[in-house]
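*Asks:* Next up is a structure, given as structure tokens.
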Amino acid sequence: DAKTTQPTSMDCAEGRAANLPCNHSTISGNEYVYWYRQIHSQGPQYIIHGLKNNETNEMASLIITEDRKSSTLILPHATLRDTAVYYCIVRASNTGNQFYFGTGTSLTVIP
Amino acid sequence: ETGVTQTPRHLVMGMTNKKSLKCEQHLGHNAMYWYKQSAKKPLELMFVYSLEERVENNSVPSRFSPECPNSSHLFLHLHTLQPEDSALYLCASSQDPSARNTDTQYFGPGTRLTVL
């Protein structure tokens, strides 16, 4: 999988949009961008994934740059329950079945 | 709720004990996984079962023994563990592991294991 770089931590005010960046400058054409989050001591929760186009679901939006070298996960109205570690994962088809979770971004939503 | 349940949620065991972790998925998926998450470390894949057959084993010590009796249930049998095996053990499932780059894995809540 292509390596990803994320900020170690971020704060966001409750009710505001949380924009979590991820750099994946070595991404190749068949690699998807996945986002998961993990609330303390719980299992990772799938959020969203995409290849080229921007994606939106009930949880978040994923914005992928045209060159696909970076992406941004957007939580439109952050709540205290969104406090978690957010993982950006780039996944290829030739790397077995494992999702490689790096260190992620620790997002703290502040009241 | 992700449709993947794990029991027990917490387990404390001695090094000479034998215990089992259970995972059940209610999503109709064809593959199930065991991951280990130690403190301050990324998730490590332990075992993969696809259509009830083990397809991947990343050289996990033999004191961990998986069992997949059907596509909805997965067990991890534990015996003579060491204190360094204390970790969060996570189960996941997915629909089609052959579609690797688009096959989303859904995780259970995990079992927090402490080995004394």
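*Asks:* Once the mean 1/r over all distinct Cα pairs of the protein assembly as shown is inverted, what Kirkwood radius in angstroms do you read off?
*Replies:* 18.2 Å
*Asks:* Still on this structure: With all pairs of different alpha carbon atoms counted, what Kirkwood hydrodynamic radius in Å does chain B show?
*Replies:* When all Cα pairs of chain B are included, the Kirkwood radius is 14.1 Å.
*Asks:* Using amide H atoms built in the peptide plane, which far-off residues or other-chain residues are under 5 Å from A:Thr56 H to H?
*Replies:* Under 5 Å from the amide H of A:Thr56 lie the amide H atoms of A:Leu62, each far enough along the sequence or on another chain.
*Asks:* In addition: Mind checking the dipole of the protein assembly as shown: about its Cα centre, +1 per Lys or Arg Cβ, -1 per Asp or Glu Cβ, Debye to the nearest 20?
*Replies:* Dipole of the protein assembly as shown, to the nearest 20 debye: 540 debye.
*Asks:* Something else now. Any cysteines in chain B with zero other Cys Cβ atoms under 4.7 Å from their Cβ? List them, or say none.
*Replies:* Those would be B:Cys68, since no other cysteine Cβ in chain B comes under 4.7 Å of theirs.
*Asks:* Please state, as a whole number in µm²/s, the translational diffusion coefficient that the Stokes-Einstein equation yields for segment A:12-63 at 37 °C and 0.692 mPa s, with Rh defined as the Kirkwood radius across alpha carbon pairs.
*Replies:* Approximately 256 µm²/s, per Stokes-Einstein.
*Asks:* Right, something else. Taking a Cβ-Cβ separation under 4.7 Å as the criterion for a possible partner, which cysteines of chain A have none?
*Replies:* Here A:Cys12 come out as lacking a disulfide-compatible partner, given the Cβ-Cβ threshold of under 4.7 Å.
*Asks:* Could you go through segment B:59-75 in sequence order and give the Karplus-derived ³J(HN,Hα) for each residue, using 6.51 cos²θ - 1.76 cosθ + 1.60 with θ = phi - 60°, rounded to whole Hz, and x for Gly and Pro?
*Replies:* With the stated coefficients, segment B:59-75 comes to 6, 7, x, 5, 5, 9, 10, x, 8, 10, x, 7, 6, 9, 10, 9, 10 Hz.
*Asks:* Along the positive direction of the dipole of segment A:1-71 (beta-carbon charges: Lys, Arg +1; Asp, Glu -1; about the Cα centre), which of A:Ser28, A:Ile48, A:Ile64 reaches farthest?
*Replies:* Positive-most Cα among the choices belongs to A:Ser28.
*Asks:* I'd like the trypsin sites (Lys or Arg not before Pro) in segment A:1-38 restricted to DSSP loop residues with at most 15 other Cβ atoms within 10 Å, sorted by number.
*Replies:* A:Lys3, A:Arg16
*Asks:* At q = 0.09, 0.10, 0.14 Å⁻¹, what base-10 log of I(q)/I(0) does the Debye formula yield for chain A when every alpha carbon is treated as an equal point scatterer in vacuo?
*Replies:* Debye output, listed in q order: -0.21, -0.26, -0.51.
*Asks:* Then there is this: What ³J(HN,Hα) values, in whole Hz, does the Karplus curve 6.51 cos²θ - 1.76 cosθ + 1.60 give for segment B:36-49 when θ = phi - 60°, with x put for Gly and Pro?
*Replies:* Using θ = phi - 60°, the values come out as 10, 10, 8, 4, 6, 10, x, 5, 10, 6, 9, 9, 10, 10 Hz.
Throughout, read-outs are computed from the coordinates displayed, never taken from laboratory work. From a predicted model like this one, the values you see are computed outputs, not experimental measurements. Heads up, the Cβs are rebuilt from the backbone with ideal geometry, glycines too, and the neighbour counts pull from every protein chain shown.
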